[in-house]
Every structure is written in structure tokens, then in C-alpha cells.
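The values are calculated or read from the model by the stated rules, or taken from the named source; none is laboratory data. What you see is a predicted model, and the numbers here were worked out from it, not measured in a lab. Methodologically, a virtual Cβ is constructed for each residue, glycine included, from the backbone with ideal geometry; neighbour enumeration extends over all protein chains shown. For accessibility, only protein heavy atoms count, side chains too; no ligands or nucleic acids. Shrake-Rupley method; radii C 1.70, N 1.55, O 1.52, S 1.80 Å.
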Amino acid sequence: MSSSSYTTEKSKKQAATTTIITTPTIPTDSKVNYVYPKLSLNTTGATVGQKCFQMLIEKNHVHGWENASDDAADIILAHIDQDKEYYRAHSHQMMNRVPGMKALCEKKPSGFFLNEFRDSFPEEFSFVPRTFLIPEERNEFEAYFRLNKNKVFIAKPSSGKHGDGIKLIKKYDDLLATSYHKESSDLVIQEYIDKPLLVDKKKFDLRVFVTITSVKPFVAFINEEGLARFCTEDYEEPTNENFNNGYMHLTNYALNKNNPKYNFTEETTEMHNGSKRSFASLWKSIQAMGHDTNKIFEDIKDTMKKILIALRPQIELCYEAAYKGKPSGKNYHILGVDIMIDENLKPWFIEINANPSLNVMFELENKETQEKLKSQLSPIDYYVKSRVAEEAILMAILDPVEQAKIKRFGSYIALMKNECEMQNQMRIYGEMGTIFRNMRDASNTDEVLSIDEFKNLALLKGMTNIDVRHSDYEKIYR
């Protein structure tokens, strides 16, 4: 994208902010002839993504898109923290949240479910790194660590964000030396991918956008566009000298943007060496290295399908709990799944985000005063996130039966259409939704069950059926 795509006012003072004058133009080859219905949107709960949605309303004003209050809006762009009563009160409106998704996508719950799938189906779920939940699995981690002293691990707070609190662990005492302690109840430890695919000598990860457009029936799509977030120091395998260098080992954008070496660029789809890139740009760099990017993306799609298979029963449970006794609402949800590609081109699951950033601004703040030093539109973020958000809305407002017939919608590709071959092969999990509902009813609550409650309820009568035996339960939830 040329520098003429948008205009800025340069500050005369270091602390002055940049003012956006015009909206960048999405490249011609990305435009799709959609049917744009007249829509009213309430964006007040969109927080950092509000700018993106306001720009979409302005762009589509000619089609009748406009701002509206909570009760009058066709679509509510709600904050991630909503209780069941809020969902029930607005069940007649489209909402950009699926109930319970925030709790489910925190690192501990998602790590628990994916761990169980990996242990039960090791070949199909080999993309999940060995993961330990602390403090519950502290003894298991210590034993595993003692047997694998050459491995490096990465510790993360379960509900953390922006890279806060992330530590590399090269020896067991590193865990004890961090801010975490034996009573910590919010920590996930993963095996560190120490041989990642490098581009321009730097480590990077992928933010993959997956949108659930309907829960009943279950329909989901993956966006062919996404973001590659790069470290800002050339990569070296972890050593005692460098393993505390976050700019080398942590791909978190919130961390790396503060490095003076961060390379902000206006280019969106062509090959470049920026610190954030679209998939379109990244694939060109990887193709130039002689790799098959079509195969990489197909493997990523397969990974996304299996993640949804693992989480789907609990998603449906939370959905039913939220609308218990009342008609189900119309909900969609944009998820951000972080993937790391290793030197053998294998995608690895890192984490799933229930509230992926739709911020389209490049902003720098004074760490001490929180004063905003810089604020300008990021063409790469707008290029990717505007289509992710806009096309999600246009799909979600369609009848779910029609959604399930769609193979491709703009930059979205069908991922799950109710049942899929993988889930049919996994007979135990095909019936897990029924088991979840039985457990909820047995506990006389419509709340999400904790892991301990889940294990205890598994011992009750009626928790088995033709597909799930007690021995299966013991295998899955040991």
C-alpha cells in the first residue's frame, strides 16, 4: 500500500498523537460483491475494536449501516464479560459473543481439554505441546522435567494477555524463582518450540481467525487472512545468556512494539520485512524459501477443526445454560487461535483467545505515565481485521441452515458444518454433549462445571450410554 493511502499529521512534540485523516483502501483483489442489508450496530462494548467497527459503519453507511442504542440495535457488539441474564435479555438480537467462551478459552480450561484429547488420540492431536496445569500438576511437571532436562518450557498465567508474566524455564528452579509460587492457581506450562520456522532470521507466530457463526447447528469458518507477529531480535536457541530476551523468544506484539527495532510498515500484501505481516505477505516470503504454503494452510485448517471438536461439547453446554428456559439467541463469535510453525513446517497450537484484538491502530504509550506517544492507523491491521469483522457479521445474520451450505464467503472458508468425519470417528466424544448435560442436571446448576466437579459427577449413575462406558470415562478424565 502506498503512503498516499492515508494521511497523518506529524507531531511537533514527542508526546503528541497522530490524527487519522482518511481510511486506507483495501486492495482491489480482496473486494467481494456482497449483499449488504441495512443494519444498526451498537459498538459501545467493542472496546479497543470500536475504531474498526466505526470505520465499517462509515464505509457501509451507503448501505444503511448506522449506530444504535443497546435495545434498538440489530447487532450488539458486546464486551466479553457478560452474564447469562444479559444474553437472555437480548436473545432477540444478534450478538458477537457465545456464552461461556471467555472462561473456556482461558489457558487452563482449554489446556485441560486439549491435553485429554492429545492423550486419548495422540496421532490426531500431536499438534498440542505437552502442557501442565500448575499447581494441580506440579508433581507431574517436576517428574517430567527431571527426565527431560534438555527441554525448555514456557510458563504463562492462565488468564494473562499482552505477554504479561510469561517466563522461559530452562531448569526447574527457574519456576520457583519466578513470581509464581506453590499456591498459584493460574499457571500453564508448555514445552517450548525451540526449532521454529524462521523468516528473515526471526521467530514469528500466526494469529488465525476462526468464526463460529452458529452454535445450533454448529457452523464455523476459518479466514484465509490473518496476522504474522514477528520477534524483533534474530532468533537463537535458548541459552543461559539469552533465554530472558523476550524480543528474541516471545512473539507478543504488545511486547515487541516497544522495541526500537520494531519495523512498522504500510505494505499489506506484498513481501516485506515488517514486524507484523498479513498471511498474503508472509506466504510470499515462505514460498521464496521453497516451501509449499498451500500444504501449511491445509494443516492449519485441520488443526482448527480438531480444536473445535475438542471444545464443542462445552461450548454447547454453556450455550444451553445461558438460554435455559428461554428461546436461544443468535450468536456468533470471532476466535483468535495462535499457531507456531516449526522448521519441519508442522503447525503447533499455542493458545486460543476468546477476545482477539480487533484494534486497527498502532499505538505506543509511556510505560510509566501511560501517556499515549503515538497513535496512527495500521494498514496491515485494518486490511486483515476489517474483513474478518465485516464478513463475520454478513455471514452470521444468515439463517444457520443457509450458513451450513456455504463453502466460501469472501475470505472465509467453511471449517465445520454440524457433523464432520473426524468427529464421527471419535465415537466417545460424539456423545460427550449428552454427558455434559446429564452432569449439569445432576448438579442442579446451569453454571459451567469445574474440573473437580466434572470428575466427581462422572461417578454418578446415568453417566454412561451405549457409546460411553465407565472405562472410557476413566481414560479420558483420569
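Taking amide hydrogens as placed 1.01 Å from N in the peptide plane, the amide H of Lys330 sits under 5 Å from those of Gln93, Met95, each at least 5 positions away in sequence or on another chain.
Summed over the residues of segment 210-362 and divided among them, the accessible surface reaches 35 Å² per residue at a probe radius of 1.4 Å.
The value obtained for segment 284-415, namely the Cα convex hull volume divided by the number of residues, is 188 Å³ per residue.
Using only alpha carbons, segment 283-328 has a radius of gyration to Kirkwood radius ratio (Rg to Rh) of 1.38. Averaged over its residues, segment 100-156 has an accessible area of 42 Å² per residue, based on protein heavy atoms and a 1.4 Å probe. Solvent-accessible area of segment 304-415 (1.4 angstrom probe, protein heavy atoms only): carbon and sulfur portion equals 49 percent. With a simple spin-label model that places each label point 7 Å from the Cα along the Cα-to-Cβ direction, the separation between Gln54 and Met271 comes to 3.9 nm. Taking 0.36 nm per residue of sequence separation and removing the Cα-Cα distance, the Asp83/Arg408 pair yields an extension gain of 113.7 nm.
Remark: the Glu237-Ser91 segment gains 47.5 nm on full extension, using 0.36 nm per residue and subtracting the alpha carbon distance. Only one residue of Val199, Ser214, Leu175 has its Cα farthest out toward the positive end of the dipole of segment 166-291, where Lys and Arg carry +1 and Asp and Glu -1 on Cβ, and that residue is Ser214. Highest mean packing first, where packing is the average number of other Cβ atoms within 10 Å per residue, the peptides 386-396, 37-47 line up as 386-396, 37-47.
Cα centroid separation, segment 56-90 to segment 292-357: 23 Å. Structure note, pairs Lys102/Lys372; Lys202/Lys261; Lys257/Lys305; Lys202/Lys276: Cα-Cα distances above 21 angstrom occur for Lys102/Lys372; Lys257/Lys305.
Taking the charge dipole of segment 75-118 about its Cα centre, with +1 at Lys and Arg Cβ atoms and -1 at Asp and Glu Cβ atoms, the residue from Leu77, Pro99, Phe112 reaching farthest to the positive side is Phe112. Measuring nothing but protein heavy atoms, the accessible surface of segment 127-286 at 1.4 Å probe radius is 46 percent carbon and sulfur. With contacts taken as Cα pairs under 8 Å and at least 6 residues apart, segment 41-108 reaches a relative contact order of 33 percent.
Sorting the segments 108-121, 280-293, 338-351 by their residues' average number of neighbouring beta-carbon atoms within 10 angstrom, most packed first, yields 108-121, 338-351, 280-293.
Find, among the chymotrypsin sites (Phe, Trp or Tyr not before Pro) in segment 35-101, those assigned to loop by DSSP (not H, G, I, E, B) with at most 13 other beta-carbon atoms within 10 angstrom. Of the chymotrypsin sites (Phe, Trp or Tyr not before Pro), not one in the loops of segment 35-101 has a Cβ with at most 13 other Cβ atoms within 10 Å. Distances between placed amide hydrogens fall under 5 Å for Leu187 paired with Ile134, Ser158, all partners being 5 or more residues away or on another chain. Think of segment 182-334 as having a plus end and a minus end, set by charges on the Cβ of Lys, Arg, Asp and Glu; of Ser278, Leu311, Gly290, Leu311 sits farthest toward the positive end of this dipole.
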